[in-house]
Amino acid sequence: MSFPSHPQREALAGELHARPAIPIELPARLSRLAMANPDREAEDAHLAALCARHGVVPPRPGASWFLADFGAFRLRFERHTEFTGWNFLAPGADPEHPFARPAIAHLPPDWLAKLPGQAIAATHIALVDAKVEACGFVTDSIAGAAVADQVAMVFTDFRLHPDGFTRILLAGAPNPILAGRLAQLLWEIETYRAMALLALPAARGVGPVLSNASAQFARISAQLPALHELSTERATLEELTEVAGEIERASADTSERFSASAAYHRLVLRRLAELGEVPLHGIPTLSRFLDRRLEPAMATVTATGARISALSMRGARLVELLRARVAVAQEEQAEKQLATLAATGRAQLRLQQTVEGLSVAGITYYLLTVIGYLIKPLPFWDRVGTTAEMIIAALVPLIAALVWLNLRKRRLESDH
């Protein structure tokens, strides 16, 4: 039957079955390496090189999951967003010395030394088919519990041993399917625990920046009522903006890591719940052990994230307040400047009017003088019954009016 299908439908359906638990026959040894920040292309080439050494067909480049039998060991390869899991499984385990020869001992040392990425978690899991007492651990920090309806027991001390690996002992799983599922829960708990704790150094590193910013915000807040000069307010605004910028940089540097840490922490809690722990006499369960040690670290990360958010909001409010004060001060200054300009304009207008009046008088006097020079020598003044002076006197208002109109016309033209 044919019907239109979403291009991602098959991939989304396959996601439900990605990285399944594999059956493990007891006794067995499992070594797990979680490599953070790997080069994906180099990783493909490295996996292909291992397959070539053992005559195994490699997976296609970019495969997110791969399972193969290499003879002395089996490899389960799985890619995650931030890390890649390499799980090496070998048969057999000594109940008295379960970690004496781990599965990773079957790997070529030169190949192992060049594994792409950086190990964020390294774990040996010994699976034995009898309920045994915990051995190979630091006794003052051991944790353990009966799990899976008390048909199996788990022990660990969450410590890095001389070879750089943590150790987990899984004893008494009654069938391979349950053993594989429990082993996967255990290595995921260890891996996700390490990934969750990656945010702790970032939280500690940003602490001094936040403390300094908080102190500066408090000092600037206390100074605000005493600020009256525009230049001082502007300088304070620049300082405040710089501090707020440091907070935003801290947020940008840590927000993704903090969010990922919270997600990994939730996965740890979920995997612990799936174990179904029942306490054993005299030792804490894995949940209780991690609650005492992991939870304070995660609380530090959460508190730091909340502190960054609070300081960011506080800085934004202070910047907004100070900008409003600067804007008001600038408006007041602009009003004063406009008033000064208006007064100057009025003075210039009065001066212009005065100069214009003087100009009218001066030009009129000059024109009448010229007219006087022209008409006084004429010989007919005795016959017409008047004098040149009387004619000039009569022309004064007319000449003055014409001069004033001409000057006004020129001024209007210059204004436009």
Taking protein heavy atoms only, a 1.4 Å probe, and rounding to whole percent, the accessible area of region 31-97 owed to carbon and sulfur comes out at 55 percent
Mean accessible surface per residue for region 34-155, computed with a 1.4 Å probe while every protein chain stays in place, in Å²: 45 Å²
Sites Glu335 and Ala306 - FRET efficiency at Förster radius 30 Å, r taken between beta-carbons, to 0.05: 0.10
Using only alpha carbons, build the gyration tensor for region 64-170 and give me the equivalent ellipsoid semi-axes, biggest first, whole Å. 25, 16, 15
Quick numbers on region 166-312, Rg and Dmax over C-alpha atoms in Å, give 22.7, 81
I'd like the FRET efficiency for Asp253 and Asp163, computed as 1/(1 + (r/R0)^6) with the beta carbon distance as r and R0 of 35 Å, rounded to 0.05. 0.55
Convex hull (Cα only) mean projected area of region 155-225, reported in nm² to one decimal: 7.8 nm²
Calculate, in nm to one decimal, what His106 and Asp291 gain on full extension: separation in residues at 0.36 nm each, minus their alpha carbon distance. 63.1 nm
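The values are calculated or read from the model by the stated rules, or taken from the named source; none is laboratory data. Bear in mind the structure is a predicted one, so any value in this text is a computation, not a measurement. In this analysis, Cβ positions are derived from the backbone assuming ideal geometry, glycine residues included, and neighbour counts consider all displayed protein chains. Just the protein is used for accessible areas: all its heavy atoms, side chains included, with ligands, DNA and RNA removed. Shrake-Rupley method; radii C 1.70, N 1.55, O 1.52, S 1.80 Å.
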